[in-house]
Amino acid sequence: MINQTSSHDKHYNKKSCSDFFMYEQLVTILESTYNGIMAVNRDGIITICNKSAERFLEKPAHEVLGMYIGDVLTNTGLIEVLKTGEPQVGKKLVIKDRTFITNRTPILKDGEIVGAIGVFQDISDLDSISRELKSVKELSWELDAIIESSYDGIYVTDGQGYTTRVNKAYERITGVKGTEVIGRNMKELVQAGFFNQSVTLIVLEKREPATIMQEIKKTGKYVIVTGNPIFNSEGEIVCVVTNVRDITELNTLKNQLEATRDLSNRYYSELQHLRSQQLHLEGMIVASPEMKTVIEKVKRVSQVESTVLIQGESGVGKEILAKLIHRLSTRADGPFIKINFGAIPENLLESELFGYESGAFTGARKGGKPGLVELANGGTLFMDEIGELPLAMQVKLLRLIQEKEFIPIGSSHVQKVNVRFVAATNKDLEELVKQKRFREDLFYRLNVVPIHIPPLRKRKSDLLPLINHFTRHFNDLYSLNKRLSPDALEMLKNYPWPGNIRELENTIEQLIVMTPGDEISVSDIPESILDKLPPALEINKPLEQILAKIEKDLIFKALCHYQNMEKTAEALGIHRTTLLRKARRHGIYITSFEKKIAGN
């Protein structure tokens with residue numbers, strides 16, 4: 001018995017030691033596991049909780065033992081497993097801003113659920129890595145999209161010169177496919193005859209950006225390539241990015257631009273020509289070769305800043321020409337200011353030209369007054385009747401033209417101006433210089449580009465268009481419908497017009513307004529014109545033609561003067577029938593005279 005009892009005791013002690021050893025091993029394993037482990041009995045009381053579970057618990061592991069699982073964590077799913085007996089695998093659980101994957105299974109003994117165990121794997125770091133990976137993928141996609149959307153070709157190699165990628169634009173520009181070059185070294189490609197030289201090899205050698213002209217031997221195209229090295233944090237070249245641009249396309253664009261510029265210049269020239277042909281809008285008709293030459297000179301001088309001197313008789317249109325120069329110039333948007341030196345008293349010239357400060361003289365306007373020079377700043381100053389400028393003022397005008405500056409009356413401050421000068425006169429300035437009435441230095445300052453407008457009598461082909469223009473103008477102005485008879489028109493064409501266009505315009509207006517009927521006949525022509533009708537004499541024609549012309553002019557002038565066939569014939573010393581025969585032979589329309597002399 002004793003022996004037997006002693007033997008039983010020994011067996012029991014050995015079994016207890018073994019169980020304890022296994023328990024210690026189990027505890028060690030549970031505590032060493034990285035994943036959190038919690039187990040509950042059938043009543044939901046926590047029976048097992050390792051230290052790894054403390055990552056999502058607010059208490060140490062040993063303090064939760066014996067507590068109801070619902071009081072510690074509400075969303076472990078262990079209570080549901082106890083009720084259903086169904087395991088739950090791979091469930092995501094968020095505890096304290098950390099993400100876990102949990103596997104929850106029931107604990108069975110003899111087919112009966114006696115508890116449940118849950119394993120909690122922290123995947124927060126993996127989740128962050130996943131998000132970073134997704135972001136990297138999106139950046140990679142975005143970079144690919146940018147590279148492929150570039151109109152310029154892009155060629156990329158690694159730090160050893162091996163091709164890693166090319167975009168579609170590179171294939172389009174060069175004709176070289178990516179499959180032909182990717183993975184191959186640039187030295188190999190140059191040796192194989194793809195390119196005459198490589199900018200990548202130059203960049204790798206010099207370790208700095210480089211640009212070369214490259215020939216694509218496969219297609220014969222020439223391209224500009226610019227290589228840029230990309231360095232890592234250790235200063236090593238990790239890749240070379242090359243930008244490729246087709247010179248052929250640039251040359252095409254250049255040629256198109258030059259063609260467009262030429263076309264623009266041609267259109268501009270044509271526009272200038274058309275504008276010159278529409279000068280009647282400014283009251284100037286250009287039909288004669290003499291005036292066309294003047295207008296061509298005006299078009300050229302309007303594009304520069306040179307001072308212009310316009311000369312010509314009174315009434316030829318000097319002011320109109322000055323306005324045309326301004327309108328065709330780059331100063332067209334600026335002011336056009338006119339000063340007539342012949343119409344302003346000498347004692348007021350300086351104040352009108354340069355202006356004055358407040359209190360500069362008795363009667364001066366309070367606050368002062370700007371002069372015409374200041375008002376013309378940025379535009380054109382037209383100085384009409386320059387020959388009438390007194391000598392004392394000529395010195396000050398000379399300084400204004402030379403220095404582009406002046407001093408207002410009563411001021412000590414010099415004012416700068418940006419003005420284009422155009423002068424006009426009906427006098428011979430060179431003769432005035434000889435007479436010491438005009439300064440020589442001022443004359444040369446004004447006479448940089450001289451333009452002479454010929455008188456109307458020396459440009460006869462302008463006369464008829466001008467007559468027609470003024471006739472239409474005054475008919476429209478006064479709502480009339482007057483017209484010149486052939487005889488009246490012929491008389492106006494033979495008149496020398498000493499007052500030029502101004503006299504012609506005034507005469508046409510007078511005839512339109514004063515003639516009672518719709519037809520203006522020779523009887524309506526003013527006596528002042530009849531008295532000045534000269535016989536034409538052209539010595540470069542045969543004598544017979546000259547005599548016929550003189551006879552025609554004398555008959556025409558006599559008919560206009562006497563308005564009577566008998567008196568005209570008597571004055572000419574010929575018979576009435578002879579007068580009628582000669583008039584008809586010379587093409588003189590006698591109808592308008594016969595109205596006056598019917599029955600004679």
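Structure data summary
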| item | result |
| --- | --- |
| Residue within region 135-152 that is of a type in the set (Phe, Trp, Tyr), within 30 Å of ILE79 (Cα to Cα) and either touching a helix residue (DSSP H, G or I) at 6+ places or on another chain (Cβ under 7 Å) or without any contact (Cβ under 8 Å) to a residue 40 or more places away in the chain (or both) present | no |
| Residue check for GLY220: at pLDDT 90 or above, under 40 Å from the mean Cα position of the chain (by Cα) and not hydrophobic (A, V, I, L, M, F, W, C) | no |
| Residues within region 93-132 that are in contact (Cβ under 8 Å) with a residue 24 or more places away in the chain and surrounded by 12 or more Cβ atoms within 10 Å (Cβ to Cβ), tallied | 23 |
| Among the candidates ASN228, ASN243, residue that is at pLDDT 85 or above, under 31 Å from the mean Cα position of the chain (by Cα) and among the polar types (S, T, N, Q) | ASN243 |
| Residue that is nearest to THR163 (Cα to Cα) [pool: residues in region 191-217 that are crowded, with 18+ Cβ neighbours inside 10 Å, of a type in the set (S, T, N, Q) and out of contact with any Phe, Trp or Tyr (no Cβ under 7 Å at 6 or more places or on another chain)] | THR200 |
| Residue match in region 341-357 (condition: surrounded by fewer than 17 Cβ atoms within 10 Å (Cβ to Cβ), part of a loop (DSSP other than H, G, I, E, B), within 39 Å of the chain's Cα centre (by Cα) and modelled with pLDDT of 90 or more) | no |
| Some residue of region 34-51 being modelled with pLDDT of 85 or more and in a helix (DSSP H, G or I) | yes |
| Test: residue in region 275-285 that is farther than 30 Å from TRP497 by Cβ, outside any loop (DSSP other than H, G, I, E, B) and modelled with pLDDT under 90 | no |
| Any hit, region 479-487, residues being part of a helix (DSSP H, G or I), more than 50 Å from the chain's Cα centre (by Cα) and farther than 18 Å from LYS458 by Cα | yes |
| Test: residue in region 144-167 that is part of a helix (DSSP H, G or I), modelled with pLDDT of 85 or more, within 46 Å of the chain's Cα centre (by Cα) and among the charged types (D, E, K, R) | no |
| Subset of region 489-520 (residues that are buried (at least 19 other Cβ atoms within 10 Å of the Cβ), under 46 Å from the mean Cα position of the chain (by Cα) and either under 22 Å from PHE556 (Cα atoms) or not β-branched (Val, Ile, Thr) (or both)) | ASN500, GLU505 |
| Exclusive hit being small (Gly, Ala, Ser), in the same structural domain as ILE555 (by TED's automatic domain parsing) and modelled with pLDDT of 90 or more, set SER523, SER485, SER479, SER528 | SER479 |
| Cross-chain or 6+ apart pairs with Cβ under 6 Å, region 443-457 first and at positive phi, then buried (at least 17 other Cβ atoms within 10 Å of the Cβ) and among the hydrophobic types (A, V, I, L, M, F, W, C) | none |
| Matching option when the condition is touching an Asp or Glu at 6+ places or on another chain (Cβ under 6 Å) and closer than 30 Å to ILE555 by Cα, among PRO390, PRO486, PRO455, PRO465 | PRO455 |
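The values are calculated or read from the model by the stated rules, or taken from the named source; none is laboratory data. Quick caveat, the model's predicted, so the values are computed rather than measured. Reconstructed Cβ throughout: ideal geometry from the backbone, glycine too, with neighbour counts over all protein chains shown.
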